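A.B. asks: First the structure, which I've put down as structure tokens, then a few questions once you've had a look.
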Amino acid sequence: MDEELIANFVSAYLKKKGFKETEQAFQEELRHNKTNCSSPSSLVDIDVAKHLLSFSEAENIPARYLEGYSKLRSWAYNSLDLYKHELLRVLYPVFIHCFMDLVAKGHIQEARTFFNRFREDHEMMHLRDLQKLEGVLSPSHLEEMEFAHSLRQGKVNIKICQYSYEMLLQYLHKTQTTVILGIINERINFQVFPGQPSSISDDAELVTLTGSTQDTANQINKKEVHWGLLEDSLEERLEKAAGLLSDSEKAEGETKDGDVDENKKRTAEGGKPGSSIKKVKKDKTASATGKTLRAEANSASMAPRVKPELALPIISTEVEQSILEDLRNRVQLSSVALPSVSFYTFINTHNGLNCSSISYDGALVAGGFSDSSLKVWDMAKLGQQAGNTVLQDENDMSTSDPVTGHTSGKRPYTLFQGHSGPVHSATFSPIGDFVLSSSADTTIRLWSTKLNANLVCYKGHNYPVWDVQFSPVGHYFASCSHDRTARIWSMDRIQPLRIMAGHLSDVDCVQWHANCNYIATGSSDKTVRLWDVQSGECVRIFIGHRSMILSLAMSPDGRFMASGDEDGTIMMWDLSTGRCVTPLIGHTSCVWTLAFSCEGSLLASGSADCTVKLWDVTSSTKPPRTDENKTGTANRLRSLKTLPTKSTPVYSLRFSRRNLLFAAGALSKSASTA
């Protein structure tokens with residue numbers, strides 16, 4: 001066999017596989033051999049040459065992919081039950097890379113046949129991934145689609161026990177299926193551990209299609225995050241007030257004891273104790289309030305204080321006093337003191353309601369509709385008219401000014417019209433004087449609830465805007481879109497202040513951190529990212545969800561974050577480490593909304609399964625004791641209560657400043673039968 005022909009083939013093979021340094025070394029060695037007039041003994045072994053050529057031929061035959069995968073699949077399914085579930089983990093990455101390799105080589109029809117024949121094996125665990133890959137119809141799609149591109153760039157991490165790993169190696173050595181061997185060698189990173197195989201219930205956590213993404217996340221998660229609360233916040237002022245109250249109680253303690261003793265003496269002598277008893281009860285109430293304030297102050301004082309990175313808006317004295325009054329009258333919640341819940345039900349929406357939002361005091365409720373309208377109900381006026389909390393959409397189609405709101409006629413709501421596409425999200429400012437809406441028309445609109453008018457139309461996104469959220473201090477807001485970006489805005493500027501880019505798919509939800517220095521974004525790429533609003537830099541990547549993220553919530557102290565996904569799973573994250581503290585398992589459908597109670601002891605979740613669930617946060621965030629962790633579930637968040645609705649998926653939740661829980665959703669006849 002001609003040595004030059006073999007050399008050319010080896011060079012082409014190395015180039016094709018991307019081994020640039022090896023190719024250069026090989027070329028230099030060839031040049032060196034030519035100059036030195038290499039002897040016949042330097043010729044490549046004839047058996048090695050035949051093996052290389054047969055490998056090349058095997059690679060180019062699509063049938064080899066089908067045959068190789070079929071044999072591997074049959075072997076895995078017929079293996080010992082003890083190790084079968086571990087060996088089956090190898091099939092999915094081999095399946096998708098066989099498909100993508102066939103597409104890359106131009107065998108489109110064979111790739112489609114292969115994909116359709118075996119896709120049912122993986123639909124239960126990887127349905128959304130398969131739906132994305134189904135759209136790959138040409139080699140150029142592999143480069144254009146970021147999801148496919150990231151899969152081909154990175155490796156799949158699979159945890160497997162030592163014996164399963166050895167069995168797999170023996171099978172590959174015995175069958176000599178070079179195509180499958182090449183894919184496993186290039187695309188899978190095995191994390192082998194000694195002992196017995198892992199539990200079959202852990203399969204979701206033991207196969208991660210992240211590869212280089214995980215490495216990137218590990219690097220990014222080393223960055224410092226200042227998760228504390230803002231200096232000189234209203235909560236801090238309340239904390240100081242509680243401290244002063246505590247000091248005054250100490251000074252008055254002896255006086256109160258004296259009053260009680262004197263009251264007992266009067267009672268024994270037959271005197272009327274009424275006025276004295278009332279006074280003692282009042283003092284006890286004041287003392288209990290002081291204890292509540294101190295408990296909240298202690299939890300707040302544990303959080304470090306940070307300086308704001310954004311210029312904070314000035315709050316009027318009247319508004320500040322109103323907020324402080326709410327904070328003083330806040331109900332202290334815990335696992336034994338659950339909140340009162342007020343549920344607002346939309347009726348007659350005819351599947352037209354896309355989103356809902358509740359103001360901080362629960363006085364206003366907004367609904368975004370598919371007919372491009374935004375409607376706001378005033379609960380005080382609704383109560384006067386109907387005497388209940390049912391929100392009725394009358395589908396009034398009368399014409400009006402395109403960018404104004406009005407309450408003419410018999411409507412129990414204010415109608416805001418201006419968008420030219422379905423409204424996907426709405427959010428109230430902290431005071432309730434403004435409401436923002438985002439739409440499929442790629443714009444965000446600012447409305448005044450006082451003037452009932454559209455004030456500004458913000459343009460910047462290139463595709464539908466899925467979510468918009470006011471910051472905790474107002475003035476600033478964040479949005480996210482199908483264009484895979486999130487943006488920071490201020491009310492007084494029509495252009496975004498920052499653009500956050502990095503997600504590989506739609507950014508579906510956005511949430512502000514308590515100190516306004518960070519925003520979190522949840523995406524269809526199954527990750528959550530935390531961004532610095534000043535630099536626009538990604539400072540955390542949270543990996544662990546198995547489906548798209550639909551909801552986010554930040555704890556009041558700023559240390560923890562909760563995220564809910566399409567499968568019904570909620571995960572609690574520690575922002576300082578970027579790790580999952582605990583998963584919350586219980587919902588059976590999409591988790592559309594999450595909300596922390598004001599002191600941070602409870603988490604409420606609302607789902608398409610028509611339930612509101614309350615979770616005990618404090619039990620999960622404490623470090624587990626050794627004697628409590630025998631079962632391995634001590635650190636799992638405890639579900640306190642499930643509140644089912646008759647047939648109403650839960651769209652939004654809001655804890656008021658006084659810790660009353662508000663919820664909203666649209667009555668759905670199909671939900672009861674689904």
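A.B. asks: Just checking, does segment 152-161 include any residue being open to solvent by 40 Å² or more (accessible area, probe 1.4 Å), modelled with pLDDT of 85 or more and either part of a helix (DSSP H, G or I) or among the β-branched types (Val, Ile, Thr) (or both)? Before the answer, list the steps.
C.D. replies: Filtering segment 152-161 for residues open to solvent by 40 Å² or more (accessible area, probe 1.4 Å) gives 152-153, 155, 159.
Filter once more, so that each one left must be modelled with pLDDT of 85 or more: none.
Taking every residue of segment 152-161 in turn, none turns out to be open to solvent by 40 Å² or more (accessible area, probe 1.4 Å), modelled with pLDDT of 85 or more and either part of a helix (DSSP H, G or I) or among the β-branched types (Val, Ile, Thr) (or both).
A.B. asks: Also: Hey, can you tell me all the residues within segment 90-121 that are surrounded by fewer than 22 Cβ atoms within 10 Å (Cβ to Cβ) and under 14 Å from LEU168 (Cα atoms)?
C.D. replies: Once the filter is applied, which keeps residues that are surrounded by fewer than 22 Cβ atoms within 10 Å (Cβ to Cβ) and under 14 Å from LEU168 (Cα atoms), segment 90-121 yields only LEU91.
A.B. asks: Considering only residues that are of a type in the set (D, E, K, R) and out of contact with any His (no Cβ under 8 Å at 6 or more places or on another chain), which ones fall in segment 585-616? If you could, list the steps in order and put the result at the bottom.
C.D. replies: Residues of segment 585-616 of a type in the set (D, E, K, R): 599, 609, 613, 616.
Result: GLU599, ASP616.
A.B. asks: Of the numbered conditions (1) in a strand (DSSP E or B); (2) touching a residue at least 40 places away in the same chain (Cβ under 8 Å), MET500 satisfies every one except a single condition; which is it?
C.D. replies: (2)
A.B. asks: ASP567 fails exactly one of the following numbered conditions: (1) touching a residue at least 24 places away in the same chain (Cβ under 8 Å); (2) part of a loop (DSSP other than H, G, I, E, B). What is the number of that condition?
C.D. replies: Unmet for ASP567, out of (1) touching a residue at least 24 places away in the same chain (Cβ under 8 Å); (2) part of a loop (DSSP other than H, G, I, E, B): (1).
A.B. asks: Tally the residues that are among the polar types (S, T, N, Q) and out of contact with any Cys (no Cβ under 8 Å at 6 or more places or on another chain), restricting the search to segment 542-558. Please lay out each step first, then the result.
C.D. replies: Initially, segment 542-558 is screened for residues among the polar types (S, T, N, Q), giving 547, 551, 555.
Now drop any that are not out of contact with any Cys (no Cβ under 8 Å at 6 or more places or on another chain), which leaves 547, 555.
The number of residues fulfilling the criteria is 2.
A.B. asks: When you check TRP489 against the structure, is it open to solvent by less than 10 Å² (accessible area, probe 1.4 Å), of a type in the set (Phe, Trp, Tyr) and without any contact (Cβ under 8 Å) to a residue 60 or more places away in the chain, yes or no?
C.D. replies: Values: open to solvent by less than 10 Å² (accessible area, probe 1.4 Å): yes; of a type in the set (Phe, Trp, Tyr): yes; without any contact (Cβ under 8 Å) to a residue 60 or more places away in the chain: yes.
Yes, satisfied.
A.B. asks: Right, here's the next one. Take the conditions closer than 30 Å to ARG579 by Cα, open to solvent by less than 10 Å² (accessible area, probe 1.4 Å) and either in contact (Cβ under 8 Å) with a residue 24 or more places away in the chain or of a type in the set (Val, Ile, Thr) (or both) and apply them to GLY522. Does it pass?
C.D. replies: On the way: closer than 30 Å to ARG579 by Cα: yes; open to solvent by less than 10 Å² (accessible area, probe 1.4 Å): yes; either in contact (Cβ under 8 Å) with a residue 24 or more places away in the chain or of a type in the set (Val, Ile, Thr) (or both): yes.
Judged against the criteria, GLY522 is a match.
A.B. asks: Take the residues of segment 339-359 that are part of a loop (DSSP other than H, G, I, E, B) and open to solvent by 50 Å² or more (accessible area, probe 1.4 Å): which is nearest to LYS450 (Cα to Cα)? Quick ask: steps written out before the conclusion?
C.D. replies: Initially, segment 339-359 is screened for residues part of a loop (DSSP other than H, G, I, E, B), giving 339-340, 348-352, 359.
Still in the list and also open to solvent by 50 Å² or more (accessible area, probe 1.4 Å): 340, 348, 350-351.
Numbers: SER340: 29, ASN348: 27, HIS350: 29, ASN351: 29 Å.
Within segment 339-359, the match that is nearest to LYS450 (Cα to Cα) is ASN348.
A.B. asks: Scan segment 449-459 and tell me whether some residue there is among the basic types (Lys, Arg), crowded, with 21+ Cβ neighbours inside 10 Å and either more than 27 Å from LEU653 (Cβ to Cβ) or out of contact with any His (no Cβ under 6 Å at 6 or more places or on another chain) (or both).
C.D. replies: First pass over segment 449-459, keeping only residues among the basic types (Lys, Arg): 450, 459.
Still in the running and crowded, with 21+ Cβ neighbours inside 10 Å: none.
Scanning segment 449-459 turns up no residue that is among the basic types (Lys, Arg), crowded, with 21+ Cβ neighbours inside 10 Å and either more than 27 Å from LEU653 (Cβ to Cβ) or out of contact with any His (no Cβ under 6 Å at 6 or more places or on another chain) (or both).
A.B. asks: Pick from VAL306, VAL336: which is modelled with pLDDT of 55 or more and surrounded by 13 or more Cβ atoms within 10 Å (Cβ to Cβ)?
C.D. replies: Numbers: VAL336 fails: surrounded by 13 or more Cβ atoms within 10 Å (Cβ to Cβ).
After applying the criteria, what remains is VAL306.
The values are calculated or read from the model by the stated rules, or taken from the named source; none is laboratory data. Quick caveat: nothing in here was measured; it's all calculated off a predicted structure. Backbone-built Cβ (ideal geometry, glycine too); neighbour counts: all protein chains shown. When the accessible area is computed, the model is the full protein with side chains, heavy atoms only, and any ligands, DNA or RNA have been set aside. Shrake-Rupley method; radii C 1.70, N 1.55, O 1.52, S 1.80 Å.
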